[in-house]
Amino acid sequence: SGDQSALAAATNLGNLFVRARHGNKELDLLAGAIEPMVQLYRYTDDNKHLEFCTAVAEAWLHHAKSPQIPLTYKNLVVLNGLLELYRVNGDSSVYKVPLQAWTDMQASGFGLTGVPAAAGLDVSDACTTGAWLQLTLDLFRITGQALYSEQLERIVYNQLFAAQDARTGTVLAPVRWNGKKE
């Protein structure tokens, strides 16, 4: 927006995260801040913000090593942050994790509407839908592959629009895949 006071407030908050990183042995707990910190780095060009993202991403990746990362909202936020970090630093090891998580989800079969279900239930919530939509869109932007755009279409038509109240347009959460929609 060009509002310098907003940028100053964001910078102050980002600097708090940087200071928290230095005193925190559990860096993976800060992983949800990767994406906004990458955005802050883009606006300020301050390397300490990028260093924060890199250190926190490495810590999260170290702790997240498993055959398959559960696609919870929290993990989707981190995966989106990793893609943003990849766009800035070009580190393919950061890119491979969100790509593999998406590919694993595809191999196991997407939910009925194209969005991961909450904890194995037949329901998806608005936050998970938004984060999954963002992950899929970012992978499409990076790769240009049609399979991501096809999945985006499926998510928008079958989950996003289906989750809206027909009268007000409000997105309902959570939305059951079967039965009567409240």
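The values are calculated or read from the model by the stated rules, or taken from the named source; none is laboratory data. The model shown is predicted, which means the values in this text are computed figures rather than measured ones. Virtual Cβ from ideal backbone geometry, glycine too; neighbours counted across all protein chains shown. We work out accessible area using only protein heavy atoms, side chains counted, and drop any ligands, DNA or RNA first. Shrake-Rupley method; radii C 1.70, N 1.55, O 1.52, S 1.80 Å.
A few comments on the model shown:
- Spin-label model, Asn47/Val88: points 7 Å from Cα along the beta carbon direction are separated by 1.4 nm.
- Cα gyration tensor, the stretch 1-99 - rounded (a/c under 1.5), prolate or oblate: prolate
- Accessible surface calculations at 1.4 Å, restricted to protein heavy atoms, place the stretch 37-93 at 50 Å² per residue.
- Computed in the context of the full set of protein chains, the accessible area of the stretch 9-94 at 1.4 Å probe radius has 53% of its extent on carbon or sulfur.
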